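The values are calculated or read from the model by the stated rules, or taken from the named source; none is laboratory data. For clarity, every value in this text was computed on a predicted model and none was experimentally measured. In this analysis, Cβ positions are derived from the backbone assuming ideal geometry, glycine residues included, and neighbour counts consider all displayed protein chains.
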Amino acid sequence: MDGAGTVPTAEEWQQCGFQTQNEDTQAAPVSAGVGACLSARFAPPWAPRSRLRQAPPPASRQALVVGAGLSGSAVARSLALRGWAVTVIDQGSGPGSGASGLPAGLTAPHVSPDDNVLSRITRAGVRATLQRADQLLKGGTDWCPTGVLEHRVEGKRSLPAGPAWPEVAHTWSTQASPAQIGQAGLACEAFALWHGLAAWIRPQALVAAQLNTPGVQTLWGQRIARLQRTGAGHTPPQWQACDEAGQTLAQADWVVFSAGFDTLHLINSLAPEGERPSIPLNPLRGQISYGDMAQLPGDVRAQLPPFPVNGHGSFISGVPTPEGHDGWFIGSTFERNCTQAPLRDEDHASNQQRLATLLPTLGAAMAEQFSAPQVHGWAGLRCTLPDRLPAVGPIDEQRWPGLWISAGMGARGISLAVLCGELTAALLENEPLPLAPSLLKHLLAERFKNR
């Protein structure tokens, strides 16, 4: 339908949602010739919206965000940019006190042969994260869009085949070139993908920058013991965050839980067992190993890839360590159902084996770097949900009005937190969504309501 006076074909009308009449209707046959009349009805395979706004935006723009990590800071910034007054409460002493203290991590696409829901959502998340990092962070110090090589260990995670992965999709992910495989120090026959739209990021820097948004107030060192509704004298009732002594720390019409696994404690404080909202968060401990690049022998430094490599854990080099030196990083381990995050020597050994599988030649050359005093570690506690997707939006609008969540990112917090923050704000403001509704339904927290 791109030429003036050109009569659309039946196929072009069908792409716009029109269905031609079938033989049962005894309609005239479809013709695309000049002067022809096409009889059709509008019956698209998608659900048309009856109006642009499903509801007016909320009258009150005051929100309490519980948790000042990647998720909470992303929600806070997205709301503040829309004119909300946001109070963030965290029991830590400053940015990066919890899982967001990871010294360095990656935002990179997830691929699957059928381009599944997780793959499509992750691409949207990576795009949002790259845009946010470009706006807020210092390139080369806090982040760098280097691209990422994914070593397909044991042939995992192939791209969709043929037309299912069109040319434009190769901007995101494509087969790695022989030169890229060689730069990573892999054998020429290795299976690898190249993710062009990917980056390393220092999460703590992103958290600090997001919390620095005008309109965001952060209360550090405050632990919420429970949430409660205000009395009948308040119209409408507000949510109060109280400490162990029953003192009110903050109150607002809207509360967004973004405190990682600690969110479960707050949800459980709402009602007796059996009456609580059902958000099945599970703890996931992870540990990385890292060291100072200057301590590596010269011949080993020469083997370091010029870009991050993932596929069996992730290896990153050239990023500042918490001590301020350019470092190398490998990890992370995955330990489910662990509610503490201590450093463990055996996890350094696991990360050594992880490097040996991911980059065999480099792993052999760096074997001696995984013992004290060369190796350092960081461990954190993340949380996941059974379907490996985060929970976003109202928990149960009927029973718990005003209680929302943006949590359960698992190991993909860097890639998904910004997107989930934007989704939270767009849903509250009744804006156009930054994600297709067909994908959003897999993220909405109310998917657990009747389970």
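Miscellaneous remarks
- Pairs meeting the criteria (first residue in segment 168-188 and in contact (Cβ under 8 Å) with a residue 60 or more places away in the chain, second residue assigned to a helix (DSSP H, G or I) and not small (G, A, S), beta carbons under 6 Å, at least 6 apart or on different chains) are G185/T361; G185/L362.
- Q340 meets each of the listed conditions (1) touching a His at 6+ places or on another chain (Cβ under 9 Å); (2) loosely packed, with under 15 Cβ neighbours inside 10 Å apart from (1).
- Within segment 297-335, being closer than 25 Å to K156 by Cβ, surrounded by fewer than 17 Cβ atoms within 10 Å (Cβ to Cβ) and of a type in the set (G, A, S) holds for no residue.
- Only listed residue being in a helix (DSSP H, G or I) and either over 30 Å from T361 (Cα atoms) or within 19 Å of the chain's Cα centre (by Cα) (or both), chosen from Q131, Q180: Q131
- Pairs where the first residue, in segment 135-162, is among the β-branched types (V, I, T) and the second is outside any loop (DSSP other than H, G, I, E, B) and buried (at least 17 other Cβ atoms within 10 Å of the Cβ), C-beta under 7 Å, 6+ apart: T146/A199; T146/W200; V148/L106; V148/H195; V148/N310; V153/L358
- Residue match in segment 400-412 (condition: β-branched (V, I, T) and under 30 Å from G291 (Cα atoms)): no
- In this structure, P236 does not qualify as touching a Leu at 6+ places or on another chain (Cβ under 8 Å) and part of a loop (DSSP other than H, G, I, E, B).
- Members of segment 112-128 found to be outside any helix (DSSP H, G or I) and of a type in the set (G, A, S), listed by number: S112
- Residue in segment 72-85 that is under 30 Å from Q340 (Cβ atoms) and surrounded by fewer than 18 Cβ atoms within 10 Å (Cβ to Cβ) present: no
- Top-ranked residue of segment 371-384 - restricted to ones that are at pLDDT below 95 and of a type in the set (A, V, I, L, M, F, W, C), ranked as surrounded by the fewest Cβ atoms within 10 Å (Cβ to Cβ): A372
- In summary, strands (runs of 3 or more DSSP E) completely within segment 365-451 and bearing 2 or more residues that are of a type outside the set (A, V, I, L, M, F, W, C) occur at 376-384, 391-394.
- Hey, S438 touching a Cys at 6+ places or on another chain (Cβ under 6 Å) and in the same structural domain as A241 (by TED's automatic domain parsing) or not: no
- Set side by side, the residues P109, P103 differ, and just one is in contact with a helix residue (DSSP H, G or I) (Cβ under 7 Å, 6 or more places away or on another chain), at pLDDT 95 or above, in a loop (DSSP other than H, G, I, E, B) and of a type outside the set (F, W, Y), which is P109.
- Checking the stated criteria, I288 turns out not to satisfy the condition of being surrounded by fewer than 23 Cβ atoms within 10 Å (Cβ to Cβ) and either within 23 Å of the chain's Cα centre (by Cα) or among the charged types (D, E, K, R) (or both).
- Options R354, R285; residue that is part of a helix (DSSP H, G or I) and in contact with a strand residue (DSSP E or B) (Cβ under 9 Å, 6 or more places away or on another chain): R354
- Residue within segment 323-340 that is touching a Ser or Thr at 6+ places or on another chain (Cβ under 9 Å), farther than 30 Å from V86 by Cα, of a type in the set (V, I, T) and outside the structural domain of R77 (by TED's automatic domain parsing) present: yes
- In segment 300-340, the residues that are in a strand (DSSP E or B) and on the phi > 0 side of the Ramachandran plot: G318, G331
- Single match in R77, R127 (criterion: modelled with pLDDT of 95 or more, of a type outside the set (V, I, T) and assigned by TED's automatic domain parsing to the domain that holds G421): R77
- When L206 is tested against (1) at positive phi; (2) of a type outside the set (S, T, Y); (3) in a helix (DSSP H, G or I), exactly one condition is not met: (1).
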